[in-house]
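Everything below concerns the one structure shown next.
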Amino acid sequence: MNPTEKLQELFLKFPGIGPKQAARFVYFLLRQNEGYKIDLAKNIEMLKDSSHVCESCLRIFSKSKNKEKKLCSICEDESRDEKSLMIVVKELDIDAIEKTGFYNGKYFVLGSVLPFLTEKPTEILNIRELVNLIHTNLQNGEKSISEVVFALPATDEGENTINYLKKTLSQVVGIENLKMSTLARGLSTGLDIEYVDKNTFKEAFNHRE
Ligand SMILES: [Zn+2]
């Protein structure tokens, strides 16, 4: 496989990119000057040393300054409300919610929604990590999580995921210790959290149930 074929194959792995778009990216790169290509290659190379998965919320972050850093900036921020934990599918959802400036709790990245008829949900969702996080947190006493808010896509698979999480979490922590709520559906039907705007999020959050 020559470099253009290899690159095309690599671009195909990008989210939402099909063969035609992948080929378009390769042609685009072929036309760029040497400086651009070196700059791109160098920065991709540097990503391997600078990205890190947050030990608490599992969000990927760049740790360019402090290589020993284990928590992302949100988990590290003590001014945030530790009592509220919002469950999202991906980092882009956190970025969108943060942009609204309306939520001041913590997050957890689930990694995916749960398709129907899945036999091994633990291989698809970061459920073990979530259970551990909540379990450890509840033993911390004063600052412990009191509410888990599901901010998942308003789709059938999103619903399936919420049902699975509710069942699993209540088995582990007991329903009486933890309030579980879901962003209001009517207001966010079919909406990917990644594209949520301030007013929609505010309404969906205030009417969570
Ligand atoms: Zn984090």
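Quick note: the coordinates plus some simple rules give every number you see, no bench work behind them. Computed from a predicted model, the values in this text were never measured in an experiment. No Cβ is skipped: glycine too gets one built from the backbone with ideal geometry, and neighbour counts run over all protein chains shown.
May I ask you to list the residues in the range 87-97 that are out of contact with any helix residue (DSSP H, G or I) (no Cβ under 6 Å at 6 or more places or on another chain) and more than 12 Å from the ligand (Cβ to nearest atom)?
Correct list: 87, 89, 90, 95, 97.
Scan the range 1-36 residue by residue and report those that are part of a loop (DSSP other than H, G, I, E, B) and of a type in the set (Phe, Trp, Tyr).
Here is the first cut: in the range 1-36, the ones part of a loop (DSSP other than H, G, I, E, B) are 1-2, 13-18, 32-33.
Residue satisfying the conditions is 14 alone.
For the range 123-142, what are the residues that are within 27 Å of residue 195 (Cα to Cα) and among the β-branched types (Val, Ile, Thr)?
Matches in the range 123-142: 124, 127.
Would you point out which residue out of 133, 114, 152, 85 is outside any helix (DSSP H, G or I), within 17 Å of the chain's Cα centre (by Cα), over 20 Å from residue 201 (Cα atoms) and in contact (Cβ under 8 Å) with a residue 12 or more places away in the chain? Explain how you work it out, then say what you get.
On the way: 133 fails: outside any helix (DSSP H, G or I); 152 fails: over 20 Å from residue 201 (Cα atoms); 85 fails: over 20 Å from residue 201 (Cα atoms).
Going through 133, 114, 152, 85 in turn, just one is outside any helix (DSSP H, G or I), within 17 Å of the chain's Cα centre (by Cα), over 20 Å from residue 201 (Cα atoms) and in contact (Cβ under 8 Å) with a residue 12 or more places away in the chain: 114.
Let's see how each residue does on (1) closer than 23 Å to residue 161 by Cβ; (2) surrounded by fewer than 16 Cβ atoms within 10 Å (Cβ to Cβ); (3) not aromatic (Phe, Trp, Tyr):
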| residue | (1), (2), (3) |
| --- | --- |
| 53 | yes, yes, yes |
| 56 | yes, no, yes |
| 73 | no, yes, yes |
| 94 | yes, no, yes |
| 98 | yes, yes, yes |
| 114 | yes, no, yes |
| 128 | yes, yes, yes |
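For residue 68, are the conditions met, namely being within 16 Å of the ligand (Cβ to nearest atom) and in a loop (DSSP other than H, G, I, E, B)?
Yes: the conditions hold for residue 68.
Tell me whether the range 58-65 contains one or more residues that are more than 26 Å from residue 193 (Cβ to Cβ), of a type outside the set (D, E, K, R) and more than 12 Å from the ligand (Cβ to nearest atom). Show your work before the answer.
Initially, the range 58-65 is screened for residues more than 26 Å from residue 193 (Cβ to Cβ), giving 64-65.
With the extra rule that they be of a type outside the set (D, E, K, R), the set shrinks to 64.
Checking the rest, the ones that are also more than 12 Å from the ligand (Cβ to nearest atom) come to 64.
Yes, the range 58-65 contains at least one residue that is more than 26 Å from residue 193 (Cβ to Cβ), of a type outside the set (D, E, K, R) and more than 12 Å from the ligand (Cβ to nearest atom).
So if I check each of 102, 108, which one is in contact (Cβ under 8 Å) with a residue 12 or more places away in the chain, within 12 Å of the ligand (Cβ to nearest atom) and within 23 Å of residue 195 (Cβ to Cβ)? Lay out the reasoning, then the answer.
Values: 102 fails: within 12 Å of the ligand (Cβ to nearest atom).
Of 102, 108, the one residue that is in contact (Cβ under 8 Å) with a residue 12 or more places away in the chain, within 12 Å of the ligand (Cβ to nearest atom) and within 23 Å of residue 195 (Cβ to Cβ) is 108.
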